[in-house]
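To start, the structure under review is shown below, and the notes come after it.
The values are calculated or read from the model by the stated rules, or taken from the named source; none is laboratory data. None of these values were measured; they are calculated from a predicted model. Don't worry about glycine lacking a Cβ; one is built from the backbone with ideal geometry, like all the others, and counts go over all protein chains shown. Keep in mind that these areas ignore ligands, DNA and RNA; they rest on the heavy atoms of the full protein, side chains included. Shrake-Rupley method; radii C 1.70, N 1.55, O 1.52, S 1.80 Å.
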Amino acid sequence: QVQLVESGGGLVQAGGSLRLSCTASTSIFSIGVIRWFRQAPGKQRELVATITSIGGANYRDSVKGRFTISRDNAKNTVYLQMNSLKPEDTAVYYCNLFSGGYYWGQGTQVTVSS
């Protein structure tokens with residue numbers, strides 16, 4: 001059983017920045033891909049960014065150049081640095097990983113005002 005705790009969300013004006021954190025209750029050193037998803041009201045959950053065990057990253061097109069995913073295996077934490085935020089980035093952000101099963105955090109709310 002793995003517990004994931006997201007933090008760092010909040011209310012920010014358009015153009016601002018936030019850094020989200022996702023801390024796991026177990027070592028992430030041997031975990032391959034870790035993902036950030038988001039879900040806006042009335043919309044399906046969508047994949048935002050992924051990071052591999054060796055730090056390779058991929059992003060959805062709408063966040064490329066603005067978001068950066070990173071991981072600190074020593075702290076069992078994955079980060080999502082979000083810059084130049086837009087109102088359309090407003091959503092609940094979740095981290096996700098697979099370790100014998102898929103695990104999700106409780107999510108952290110990000111609200112971007114125009």
Compactness index (Cα Rg / 2.2 N^0.38 Å), region 62-114: 1.30
Extension gain, residue 99 back to residue 75 (0.36 nm per residue minus Cα-Cα distance, nm): 6.9 nm
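Over all directions, the average projected area of the alpha-carbon convex hull for the chain comes to how many nm²? Intermediate results must be reported in sequence, preceding the final value.
Values: hull surface 26.2 nm².
Mean orientational projected area (the chain, Cα hull): 6.6 nm².
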Which of 25, 114 is most accessible, then next, and so on - probe 1.4 Å: 114, 25
Solvent-accessible area, 1.4 Å probe, carbon plus sulfur percent, for the chain: 48
Under 18 Å from the Cα of residue 64 - aspartates and glutamates, other chains or at least 8 residues apart: 46, 88, 89
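Suppose every Lys and Arg Cβ carries +1 and every Asp and Glu Cβ carries -1, with no other charges. What dipole size does the chain come out with about its Cα centre, to the nearest 20 debye?
100
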Alpha-carbon centroids, region 23-46 and region 69-100: separation in whole Å: 7
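Between residue 14 and residue 52, what FRET efficiency comes out of the Förster formula 1/(1 + (r/R0)^6) with R0 = 30 Å and r the beta carbon distance, rounded to 0.05?
Details: r = 31 Å, r/R0 = 1.04.
With R0 = 30 Å, the Cβ-Cβ based efficiency is 0.45.
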Per-residue SASA entry for residue 77, accessible area with 1.4 Å probe, Å² rounded to 10: 10
